[in-house]
1. Would you confirm whether any residue within region 238-249 is at pLDDT below 90, under 44 Å from the mean Cα position of the chain (by Cα) and surrounded by 10 or more Cβ atoms within 10 Å (Cβ to Cβ)?
2. Working only within region 213-255, note down all residues that are part of a loop (DSSP other than H, G, I, E, B) and closer than 30 Å to R148 by Cα.
3. If you go through region 74-82 one residue at a time, do you hit one that is modelled with pLDDT under 90 and over 34 Å from the mean Cα position of the chain (by Cα)?
4. List every residue pair whose Cβ atoms sit under 9 Å apart, with the two residues 6 or more apart in sequence or on different chains, where the first one lies in region 59-78 and is in a helix (DSSP H, G or I) and the second, anywhere, is surrounded by fewer than 16 Cβ atoms within 10 Å (Cβ to Cβ) and at pLDDT below 90.
5. Name the one entry in D18, D33, D125 that is of a type in the set (D, E) and at pLDDT 90 or above.
6. Just one of (1) at pLDDT below 90; (2) within 29 Å of Q151 (Cβ to Cβ) trips up D262, so point out which.
7. Restricting attention to region 3-44, which residues are surrounded by fewer than 16 Cβ atoms within 10 Å (Cβ to Cβ), under 20 Å from M103 (Cα atoms) and under 34 Å from the mean Cα position of the chain (by Cα)?
8. Could you tell me how many of the residues in region 79-99 are in a helix (DSSP H, G or I) and of a type in the set (V, I, T)?
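The values are calculated or read from the model by the stated rules, or taken from the named source; none is laboratory data. Given the structure is predicted, the values throughout are model-derived calculations rather than measurements. For neighbour counting, all protein chains shown are included, and Cβ atoms are generated from backbone atoms with ideal geometry for every residue, glycine included.
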Amino acid sequence: MMIETSTIDAVIGSTAYDNDGDKIGKVGQVYVDPDDGHAVWASVNTGLFGTSESFVPLENATLDGDSLRVPYDKAFVKDAPRIDVDGELSTNDQESLYQYYGMSSGSAGGAGYTGTDTADHTDTDRRDTVGGPGRDTSGPNTDDAMTRSEQQLNVGTQKVQTGKARLRKYVVTEQQNVTVPVQREEVRLEREPITDANIGDAMSGPELSEEEHEVTLTEERVVVNKETVPVERVRLDKDVVTEQQTVTEDVAREEIEIEGDDTTARGTGRDDRI
């Protein structure tokens with residue numbers, strides 16, 4: 001639904017999303033037109049840990065439950081002119097914002113501030129009472145105490161992908177020299193003298209004749225066979241390494257001090273500055 005005067009309280013604290021549905025941040029404050037009370041601007045926490053706020057127009061914005069959809073890109077909203085969220089927009093502040101968003105300032109005038117504690121007040125109450133949140137001086141919108149706030153760092157961790165590792169197997173060819181003993185037969189001529197032991201064999205043949213004797217020679221040849229056998233298993237594993245990283249960020253806090261002729265704090269036992 002469109003942002004009506006009656007729905008301003010619901011806008012405060014809602015989550016803003018851009019035209020693509022990406023989260024921009026949480027709405028902190030709503031600035032209204034002092035003439036008719038309609039919502040003009042909203043401040044959205046866009047910085048790290050919500051420490052920075054950007055202004056975005058509520059014209060053409062829609063509210064669905066606790067989700068505020070604005071017709072702008074997230075990065076474009078984050079780059080809007082930086083303006084202090086101090087309860088009131090000056091004319092120069094508004095002109096800078098209108099120019100950045102390509103809008104016509106029209107008759108918006110000086111938009112007033114609608115705080116986060118507006119649930120029990122109507123927009124007419126905000127305009128008609130003396131002063132307003134953040135600038136009352138003993139007005140009807142104040143009580144007898146001030147609330148002091150400070151920013152606190154909420155630091156966490158987020159897992160992100162930094163790289164990939166993979167196993168790859170490839171074939172390497174190398175030469176191996178292996179010495180193998182081989183045997184072969186060679187002919188050797190042996191002569192025996194005639195003795196009583198072999199005289200019978202020597203005289204058994206003819207007295208004169210021609211003969212041939214044949215001897216078969218053998219040798220060993222080298223035969224090579226290759227066999228593929230598994231030698232080991234290799235796998236990837238991950239180890240978790242913990243290291244310390246220091247985050248440095250500015251945080252703001254409010255301090256309260258006493259002003260006047262007599263600034264002695266009685267009965268507190270504390271310094272005047274809190």
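1. Yes, region 238-249 has at least one match.
2. T246, V247, T248, E249, D250, V251, A252, E254, E255
3. No; the residues of region 74-82 include none that is modelled with pLDDT under 90 and over 34 Å from the mean Cα position of the chain (by Cα).
4. Short answer, once both residue conditions are applied: K78/G47; K78/S52.
5. Result of the check over D18, D33, D125: D18.
6. (2)
7. N19
8. The number of residues fulfilling the criteria is 1.
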